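Each remark here refers to the structure printed beneath this line.
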């Protein structure tokens, strides 16, 4: 239960902090809540923002186009910050390469049928 709550909190922070993921933490929270707290699990699936993400993921790992664009914009903003503030070029390259890989994976995920 503590892990679920921690993941929900991190997901909420990720919703407003560029570069910090939301979806991954909410998926982990739902997974943990399913095993520890049916009430929290139900709340997550009924939530107006988290529920659709969880239901889409349950239906074959689908990610909505809106989520893809939001993640892309957040990663672009984060990349600009990293590029501007980083003092170690190899670390900048590594961070940008990881984000590029995640974006490719994300855009290859199927989208829910509207």
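Rounded if a/c is under 1.5, else prolate if a/b is larger than b/c, else oblate: which is the stretch 65-108, with a ≥ b ≥ c the root eigenvalues of its Cα gyration tensor? Verdict is oblate for the stretch 65-108.
If one takes the longest principal axis of the Cα atoms in the chain, at what angle in degrees, from 0 to 90 and to the nearest 10, does the Cα axis of helix 23-36 lie? Approximately 30 degrees, to the nearest ten.
Each peptide in 19-30, 102-113 gets a packing score, the mean of other Cβ atoms within 10 Å over its residues, and the list from highest to lowest is 19-30, 102-113. Roughly how many nanometres apart are two label points built 7 Å out from the Cα toward the Cβ at residue 81 and residue 6? Going from the residue 81 label point to the residue 6 one covers 2.3 nm.
For the listed peptides 87-100, 67-80, a ranking on the average number of other beta carbons within 10 Å per residue, highest first, reads 67-80, 87-100. The calculated 222 nm mean residue ellipticity attributable to helices in the chain amounts to -24500 deg cm²/dmol, summing -39500 (n - 2.57) over DSSP H runs of n ≥ 4 and dividing by all residues.
Once a ≥ b ≥ c are taken as the square roots of the eigenvalues of the Cα gyration tensor of the stretch 2-58, is the result rounded (a/c under 1.5), prolate (a/b larger than b/c) or oblate (a/b not larger than b/c)? Oblate, because a/c is 1.5 or more while a/b does not exceed b/c. Mean sequence separation of contacting Cα pairs (under 8 Å, at least six apart), scaled by the length of the chain, corresponds to a relative contact order of 23 percent. Taking 0.36 nm per residue of separation and subtracting the Cα-Cα distance, full extension of the segment from residue 92 to residue 65 would add 7.0 nm. Label separation (residue 16 vs residue 108): 3.5 nm, computed from points 7 Å beyond Cα along the C-beta direction.
The numbers here are math on the coordinates, done by the rules we state, and not lab data. Keep in mind the model is a prediction, meaning the values are calculated, not measured. For neighbour counting, all protein chains shown are included, and Cβ atoms are generated from backbone atoms with ideal geometry for every residue, glycine included.
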